Amino acid sequence: MFVKTAEGICGLVLAGGKSRRMGQDKALLRHNGETQLGRAVRLLQQHLARVFVSARADQSAEPERARYSQIVDRYADLGPLAGILSAMDSNPQVAWLVVACDLPNLDSETIRHLLDERSVTQPFTAYRSSVDGMPEPLCAIYNPPARRILDEMVAAGIHCPRKIMMRSDTRLIEARNPGALDNINTPDELSRHAAGLAS
């Protein structure tokens, strides 16, 4: 299904992590015959005309990532912010809908709702975590004015996107399907997810 695309917004799938806790590349984990990276890209492409994959330079030739338009990280040791800042460097005039590649339950409705509820006056639009009420920064929209805030926070030594959103004027919205924002970081979490699919 392809729905009407949002104007002035690009999609970014973060796939530049080192997957230390998982012990294998999370982007390449497969569910129902599809990689987590491929699934995330496909979901964003249902809503956005331009979708990119964020990767480190040493990952750019990896075959799965090479299937897609990439934005290679220009920053080191910033975690997810490296990909977000690099995307904003590449096109500072657009908003970026950013999702992590390790959200196996992400669905089209969650993306659509985020787009529908986007603030055009606030720098960030994010879901409120159903667990702790904090912003979920890796399924969120970063408007162009967010760049100044990110730069200021990085200069102050704050690299965590969640902490940045907590200290900023962030529009928080409620998720209709909170489970869509669950991520998988460890082998145990992967096993539990697989068991849930099989049940």
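The values are calculated or read from the model by the stated rules, or taken from the named source; none is laboratory data. Computed from a predicted model, the values in this text were never measured in an experiment. Note: areas computed on protein heavy atoms with side chains; ligands, DNA, RNA excluded. Shrake-Rupley method; radii C 1.70, N 1.55, O 1.52, S 1.80 Å.
Observations on the model:
- Stretchable slack from His31 to Arg148, in nm (0.36 nm times residue separation minus alpha-carbon distance): 38.4 nm
- Phi-derived couplings, Karplus 6.51 cos²θ - 1.76 cosθ + 1.60 at θ = phi - 60°, listed residue by residue for segment 157-170: x, 9, 10, 7, x, 5, 5, 5, 5, 5, 8, 10, 7, 9 Hz, with x used for Gly and Pro.
- In this structure, the amide hydrogen of Ile71, modeled 1.01 Å from its nitrogen in the peptide plane, lies closer than 5 angstrom to those of Val53, Ser54, Ala55, counting only residues at least 5 positions away or on a different chain.
- Apportionment of accessible area to carbon and sulfur, the chain, percent (1.4 Å): 50
- Across the protein chains, with a 1.4 Å probe defining accessible surface, the residues Asp58, Asp77 rank Asp77, Asp58 from largest area downward.
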